[in-house]
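S.K.: Sending over a structure as structure tokens; questions will come in a sec.
The values are calculated or read from the model by the stated rules, or taken from the named source; none is laboratory data. Just so we're clear, the structure is a prediction, and the values are computed from it rather than from any experiment. Cβ: placed from backbone, ideal geometry, glycine included. Neighbour counts: every protein chain shown. With ligands, DNA and RNA removed, areas are computed over all heavy atoms of the protein, side chains included. Shrake-Rupley method; radii C 1.70, N 1.55, O 1.52, S 1.80 Å.
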Amino acid sequence: METKVYRWNPAEENGKTVAAAAAVLRGGGLAAIPTETVYGLGADGLNGAAVRRIFEAKGRPQDNPLILHVPDGTWLDRCCAAVPPLARRLAEAFWPGPLTMILPRAACVPDETTAGLDTVGVRCPDHPITRAIIAAADTPIAAPSANTSGRPSCTTAADVLEDMDGKIEVVVDGGSCAVGVESTILDLTVSPPRLLRPGGLPLEALEAVCGAVAVDPAVTRLMRPGEQPKAPGMKYRHYAPKAPVTVVAGVPERSADYIRTRLSSGEGVICFEEFRSFFAGVPVQSLGPAADKNEQARRVFDALRAFDGMQVTAIWAQCPDTTGLGLAVANRLKKAAGFHVIDADGEEARP
Ligand code: TXA
Ligand code: MG
């Protein structure tokens, strides 16, 4: 199959692109769409056959449900059997934006989308062309991250083509993703609400609206045998490089020093910009300045993706503290490392 690329131009009227992408989706096809977090691989979320094609294109495990994307908060009623007042308040406060809410699913949502669960994830992405495409298609769009399963998420149209060229009808190129890590997932079917995946909306911002928020154990540690995370996808690694990844947490000066003193030849490093000079002659990917978590979020998947093309025997990664967007950046690095984490401040392995 030939994959067509449509470029979004913010200075122009994009009516043709919107109509063409919407027509592909209405017809049961696959269109990669830009969002503020990462690119999504979209299909009509109410059409089971179309949704099955997403799983095939990605090589995605069947037990991993998809998020429905909507153009505004009024569509919550189209996707969900019940919408509590808190969900409406959160939509009002944070949509369009990087928040996915887990709610009871409406009868029209097929098992293919929810992987048989009685709940559904819903989010309104903050990218104008994608909201326009969904509104024109007039159906909620199921869209996982557009990467092949097991690879880092895609933050540019070029990343999407690397994984999906020839497998899908369309890629809508909407530029680089502004946030760079996936949405924050909040389960509103339990009380207090539960954070299932940290993401582009910081936990602190949610707490300011919801009060107490419980944090699912899968956010901070590896699941034990027999233990199931509430978000099935949290049990999978985003990135399974041949070389083992070690995440080094702690004050940036200490984590950089820890890595420098243990690094062997042939190994690669993901570090904060300030510490590049510690690793002269070493394959290095910069996460951006130690104090700039927005930049770290934008770069983390790119840094991981870059090592796929390099011959390194091990990868060391500096890791931010877990306040603000740091919780999501640290989570993505730790998942890539299979939660192999060293604390440079205490030098003990964390759980
Ligand atoms: O930012 C994002 O959320 C991106 C963009 C494209 O919107 N999408 C994304 O989708 O990250 P995906 O499929 O890569 O990750 C969705 C996560 C998975 O961990 C899945 O298990 C979880 O959401 N999930 C989906 N529906 C769920 C449900 N009903 N209950 C619990 N977890 C759910
Ligand atoms: Mg994903």
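S.K.: Go through (1) within 24 Å of Arg151 (Cβ to Cβ); (2) free of Cβ contacts under 8 Å to residues at least 12 places away in the same chain; (3) more than 16 Å from ligand 1 (Cβ to nearest atom) for Ser265 and report which single condition fails.
M.R.: Only one criterion is unmet by Ser265, namely (1).
S.K.: Continuing with the same structure: So is Thr130 closer than 15 Å to Ile185 by Cα, of a type in the set (Ser, Thr, Tyr) and open to solvent by less than 10 Å² (accessible area, probe 1.4 Å) or not? Before the answer, list the steps.
M.R.: Numbers: closer than 15 Å to Ile185 by Cα: no; of a type in the set (Ser, Thr, Tyr): yes; open to solvent by less than 10 Å² (accessible area, probe 1.4 Å): yes.
Criteria not met by Thr130.
S.K.: Moving on. Give the residue, chosen from Ala107, Ala146, Ala157, that is small (Gly, Ala, Ser) and more than 30 Å from Lys242 (Cα to Cα).
M.R.: Among Ala107, Ala146, Ala157, only Ala107 is small (Gly, Ala, Ser) and more than 30 Å from Lys242 (Cα to Cα).
S.K.: Among the residues of the stretch 297-313, is there at least one that is open to solvent by 20 Å² or more (accessible area, probe 1.4 Å), in contact with a helix residue (DSSP H, G or I) (Cβ under 9 Å, 6 or more places away or on another chain) and more than 23 Å from Arg197 (Cβ to Cβ)?
M.R.: no
S.K.: Still on this structure, please answer the following. Could you list, ordered by first residue, the pairs with Cβ atoms under 6 Å in which the first is in the stretch 317-342 and more than 21 Å from Val284 (Cα to Cα) and the second is part of a loop (DSSP other than H, G, I, E, B) and of a type in the set (Gly, Ala, Ser), at least 6 apart or interchain?
M.R.: Short answer, once both residue conditions are applied: Ala328/Gly199.
S.K.: In the stretch 239-256, is there at least one residue being surrounded by fewer than 20 Cβ atoms within 10 Å (Cβ to Cβ), touching a residue at least 40 places away in the same chain (Cβ under 8 Å) and within 16 Å of ligand 1 (Cβ to nearest atom)?
M.R.: The answer is yes; a qualifying residue exists.
S.K.: Within the set of pairs 6+ apart or on separate chains, which have a first residue in the stretch 114-136 that is β-branched (Val, Ile, Thr), a second that is open to solvent by 50 Å² or more (accessible area, probe 1.4 Å), and C-beta atoms under 8 Å apart?
M.R.: Filtered contacts from the stretch 114-136: Thr114/Arg105; Thr119/Arg105; Thr119/Thr189; Val120/Arg105; Ile129/Trp8.
S.K.: With the condition kept exactly as written, say whether any residue in the stretch 141-164 is away from ligand 2 (no atom under 16 Å from the Cβ), more than 21 Å from the chain's Cα centre (by Cα) and open to solvent by less than 40 Å² (accessible area, probe 1.4 Å).
M.R.: Scanning the stretch 141-164, I find no residue that is away from ligand 2 (no atom under 16 Å from the Cβ), more than 21 Å from the chain's Cα centre (by Cα) and open to solvent by less than 40 Å² (accessible area, probe 1.4 Å), so the answer is no.
S.K.: Residue by residue through the stretch 214-234, note down the ones that are in a loop (DSSP other than H, G, I, E, B), open to solvent by 20 Å² or more (accessible area, probe 1.4 Å) and over 18 Å from Thr113 (Cα atoms).
M.R.: Thr220, Arg221, Leu222, Met223, Arg224, Pro225, Gly226, Glu227, Gln228
S.K.: Which of (1) open to solvent by 10 Å² or more (accessible area, probe 1.4 Å); (2) aliphatic (A, V, I, L, M); (3) within 14 Å of ligand 2 (Cβ to nearest atom) does Ala178 not meet, given it meets every other one?
M.R.: All conditions are met except number (3).
S.K.: Let me ask another. I'm trying to understand the selection: among the residues of the stretch 159-194, which are aliphatic (A, V, I, L, M), within 10 Å of ligand 1 (Cβ to nearest atom) and touching a His at 6+ places or on another chain (Cβ under 9 Å)?
M.R.: None; the set is empty.
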